[in-house]
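**Student:** Would you mind keeping the following structure in view while I ask a few things?
The values are calculated or read from the model by the stated rules, or taken from the named source; none is laboratory data. Here the structure is a predicted model, which means the values were calculated and not measured. No Cβ is skipped: glycine too gets one built from the backbone with ideal geometry, and neighbour counts run over all protein chains shown. In case anyone asks, the SASA skips ligands and DNA or RNA and just uses the protein heavy atoms, side chains included. Shrake-Rupley method; radii C 1.70, N 1.55, O 1.52, S 1.80 Å.
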Amino acid sequence: MRTHAVLLAASQKREHRSKHKRECKKRAAELRDEILFKQPESNHHGECPICCLPLALDAKKSAMMTCCSKTICNGCDYANSTREIEENLGQKCPFCRHPTPKNQEETVKNLMRRVEANDPNALRQLGNRRLKEGNHESAVEYWIKAAELGDAGAHYHLHVAYRDGVGVEKDMKKSIYHVEQAAIGGHAEARHNLAYEEYRNGRIERAVKHLTIAANLGLDEALRMLRECYKGGRVTKEDFAAALRAHKAAVDATKSPQREEAEAKW
């Protein structure tokens with residue numbers, strides 16, 4: 001009788017643990033989604049540290065200074081260059097006022113100083129350079145270091161690397177982890193890629209959520225896909241109209257007379 005009671009208690013204990021484990025796993029997934037589907041305050045580029053306006057998603061409309069690793073919008077860079085020419089001044093960084101590198105050697109030297117300082121922007125940039133040189137393994141190493149410091153761009157590069165097997169073995173679990181981390185950090189293209197994966201797997205509601213967040217950050221392609229979802233009856237008229245307004249607001253926030261002048265003359 002006692003043996004039966006002991007065995008019954010053990011069985012109930014195992015069942016309780018199994019149920020508790022399932023509930024914990026479900027709650028962990030819910031908490032992860034709360035973080036994943038929270039609208040970021042800005043895209044992963046952040047703001048120009050000089051004019052304090054949001055940087056555009058298009059990386060061609062800004063530049064990272066290797067001396068301080070600050071990303072400056074073309075408008076502020078253009079205004080600084082114009083002033084230097086008009087006043088016959090030496091060329092300096094618009095932010096930290098360090099002399100502009102005279103050649104590629106000085107550029108790399110500045111970048112390496114920032115890498116030694118464990119600057120995530122510099123680590124990501126050096127990873128990008130290694131990729132262009134064909135040293136894929138080294139590129140991944142620098143991206144990992146930058147990602148560990150919270151760099152969304154590095155997370156995105158690692159997502160692509162693990163997805164395509166560039167510099168590492170293909171690993172979709174790691175690829176999804178890094179693309180989600182990039183998306184949480186405000187990387188609009190990462191959101192777009194997540195939306196594609198969810199749509200491909202039949203999880204339309206989740207895909208639409210990702211597209212909406214990306215459109216709200218100003219990504220044109222996400223808005224285009226949302227329009228197709230609206231035409232197909234997967235997005236309501238009200239939700240699509242809200243996405244249109246948010247997209248326009250995000251794009252307009254990156255504009256200024258100074259930036260428009262730089263785009264026209266550069």
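**Student:** Calculate, for the chain, the solvent-accessible area per residue in square angstrom, rolling a 1.4 angstrom probe over the heavy atoms of the protein chains.
**Tutor:** Result: 62 Å² of accessible area for each residue.
**Student:** By how many degrees, between 0 and 90 and to the nearest 10, does the Cα long axis of helix 204-216 differ from the longest principal axis of the chain?
**Tutor:** Tilt relative to the chain: about 20 degrees.
**Student:** Pop the C-beta distance of E221 and E263 into the FRET formula with R0 = 25 Å and round what comes out to the nearest 0.05.
**Tutor:** Once rounded, the FRET efficiency stands at 0.75.
**Student:** Right, something else. How many angstrom lie between the C-alpha centres of region 49-73 and region 178-234?
**Tutor:** 25
**Student:** Is region 101-158 best put as rounded, prolate or oblate by its Cα gyration tensor, with a ≥ b ≥ c the root eigenvalues, rounded for a/c under 1.5, and otherwise prolate when a/b is larger than b/c, oblate when not?
**Tutor:** Since a/c reaches 1.5 but b/c is at least a/b, the shape of region 101-158 is classed as oblate.
**Student:** Determine the order of C73, C51 by accessible area, beginning with the largest, at a probe radius of 1.4 Å.
**Tutor:** Largest to smallest exposure gives the sequence C51, C73.
**Student:** Follow-up question, since we're still on this one. Would you grab the residues whose amide H sits under 5 Å from the one on K92? Only those 5+ places off in sequence or on another chain, please, with H modelled 1.01 Å from N.
**Tutor:** Residues meeting the amide H criterion: T100.
**Student:** To the nearest 10 degrees, how steep is helix 172-184 against the longest Cα principal axis of the chain, on a 0 to 90 scale?
**Tutor:** Result, in degrees: 60.
**Student:** So how much accessible area does E228 have, in Å² to the nearest 10, using a 1.4 Å probe?
**Tutor:** So the heavy atoms of E228 present about 90 Å² to solvent.
**Student:** On a straight-distance basis, which lysines could pair with K25 in a cross-link, Cα separation under 27 angstrom, same-chain partners fewer than 8 positions away excluded?
**Tutor:** K13, K38, K170, K173, K174, K209
**Student:** What's the FRET efficiency of K38 with H136 using the Cβ-Cβ distance as r and R₀ = 25 Å, to the nearest 0.05?
**Tutor:** Result of the calculation: an efficiency of 0.15.
**Student:** Under the Karplus relation 6.51 cos²θ - 1.76 cosθ + 1.60, θ = phi - 60°, what is the ordered set of whole-Hz ³J(HN,Hα) values for region 251-266, x standing for Gly and Pro?
**Tutor:** Along region 251-266, the couplings run 5, 4, 5, 8, 9, 7, x, 5, 5, 5, 5, 5, 5, 6, 9, 9 Hz.
**Student:** What does the accessible area of E260 come to, in Å² to the nearest 10, when a probe of 1.4 Å is used?
**Tutor:** 110
**Student:** Same structure again: Go ahead and collect, in residue order, the members of region 44-80 whose backbone nitrogen is under 17 Å from a label point 7 Å along the Cα-Cβ direction of A117.
**Tutor:** Within reach of a label on A117: 49-50, 64-72.
**Student:** As I understand it, the value is the acute angle between the Cα axis of helix 120-132 and the longest principal axis of the Cα atoms of the chain; what does it come to in degrees, rounded to 10?
**Tutor:** The two axes meet at around 80 degrees.
**Student:** Let me ask something else about it. Output the direction-averaged projected area (hull surface divided by four) of the convex hull of the alpha-carbon atoms of region 57-196, in nm².
**Tutor:** For region 57-196, averaging the hull's shadow over all directions gives 8.9 nm².
**Student:** Under a GNM of the chain (C-alpha, springs under 10 Å), which listed residue has the highest mean-square fluctuation: A182, A154, A250?
**Tutor:** Largest GNM mean-square fluctuation: A250.
**Student:** Turning to a different aspect of this structure: For the chain, set up a GNM with springs between Cα atoms under 10 Å and report which of V160, V208, V108 has the largest fluctuation.
**Tutor:** V108
**Student:** Could you derive backbone 3J(HN,Hα) for region 87-96 from the dihedral phi with the Karplus parameters 6.51, -1.76 and 1.60 (θ = phi - 60°), listing whole Hz in sequence and x where the residue is Gly or Pro?
**Tutor:** 9, 6, 9, x, 6, 9, 4, x, 9, 8
**Student:** Hey, another quick one. For the chain, with a Gaussian network of springs between Cα atoms less than 10 Å apart, report the residue from H20, H210, H44 with the top mean-square fluctuation.
**Tutor:** H20
**Student:** Dipole magnitude of the chain about its Cα centre, charges +1 at Lys/Arg Cβ and -1 at Asp/Glu Cβ only, in debye to the nearest 20?
**Tutor:** The calculation lands at about 1400 debye.
**Student:** Turning to a different aspect of this structure: Could you tell me whether region 168-223 comes out rounded, prolate or oblate from its Cα gyration tensor? Rule is a ≥ b ≥ c as square roots of the eigenvalues, rounded for a/c under 1.5, then prolate if a/b exceeds b/c, otherwise oblate.
**Tutor:** The shape class here is oblate.
**Student:** Continuing with this model, one more query. Which label marks the calculated value of log10 I(q)/I(0) by the Debye sum over Cα atoms at q = 0.07, 0.13 Å⁻¹, given the options [x] -0.35, -0.96; [y] -0.27, -0.97; [z] -0.26, -0.88?
**Tutor:** Answer by label: [x].
**Student:** Relative contact order of the chain, please, whole-number percent, based on alpha carbon pairs below 8 angstrom and at least 6 residues apart.
**Tutor:** Result for the chain is 16 percent.
**Student:** Can you give the accessible area of V235 in Å² (nearest 10), computed on protein heavy atoms with a 1.4 Å probe?
**Tutor:** Looks like 10 Å² after rounding.
**Student:** Return a whole-number percent for the relative contact order of region 101-169, with Cα pairs under 8 Å and 6 or more residues apart as the contact set.
**Tutor:** 25
**Student:** What GluC sites (Glu not before Pro) does region 126-169 have in DSSP loop regions with at most 16 other beta carbons within 10 Å?
**Tutor:** Counting only loop positions with at most 16 other Cβ atoms within 10 Å, the GluC sites (Glu not before Pro) in region 126-169 are E133, E169.
**Student:** Classify region 139-266 as rounded, prolate or oblate, taking a ≥ b ≥ c as the square roots of the eigenvalues of its Cα gyration tensor: rounded when a/c is under 1.5, otherwise prolate if a/b is larger than b/c and oblate if not.
**Tutor:** oblate
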